Amino acid sequence: MFSLGSSHRFYLYDAHYDTQKSFDGLCGLVISVMQRQLTSGEVFVFLNRSRAHIKLLHWERGGFVLYYKRLEQGTFGRSTLKRG
C-alpha cells in the first residue's frame, strides 16, 4: 500500500500542464498525450512550470493513487529524471 520503488517504470510528462488537474485530468493526459495504459503499473510524473511541485499518478489494486509534493525551497532537478 502506497509504495513506489525501483521495480516501477516512471514516465515524465514533458510539457506544461494545468496544475489544478487531479485524477481525471491527469488520466486524460496519460491516455491522450502520453498514449500509455493507466492500469499498467507504471508511474506518471508531472512537474509544474517552476519545478517546485510534483505529482505522481499510479494505479494500485483497487484504484488510483496521486502523490503530490510542494517544495518550500528549491526545485526538482530534471537531470535526475530519464526520458522514456
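Some points to look at:
- Reported count of residues in the range 1-38, each being part of a helix (DSSP H, G or I) and either touching a Gly at 6+ places or on another chain (Cβ under 9 Å) or touching a residue at least 40 places away in the same chain (Cβ under 8 Å) (or both), is 2.
- A Cβ distance below 7 Å, combined with a sequence gap of six or more or placement on separate chains, defines the contacts here; from the range 44-62, residues that are in contact (Cβ under 8 Å) with a residue 60 or more places away in the chain reach no residue that is buried (at least 18 other Cβ atoms within 10 Å of the Cβ) and of a type in the set (Phe, Trp, Tyr).
- Of residues in the range 7-59 being of a type in the set (Asp, Glu) and within 25 Å of residue 71 (Cβ to Cβ), the one surrounded by the most Cβ atoms within 10 Å (Cβ to Cβ): 42
Rule-based calculations on the coordinates, nothing more; no lab input. Values in this document were obtained by computation on a predicted structure and should not be read as measured data. Cβ atoms come from the backbone with ideal geometry, glycine included; neighbour counts cover every protein chain shown.
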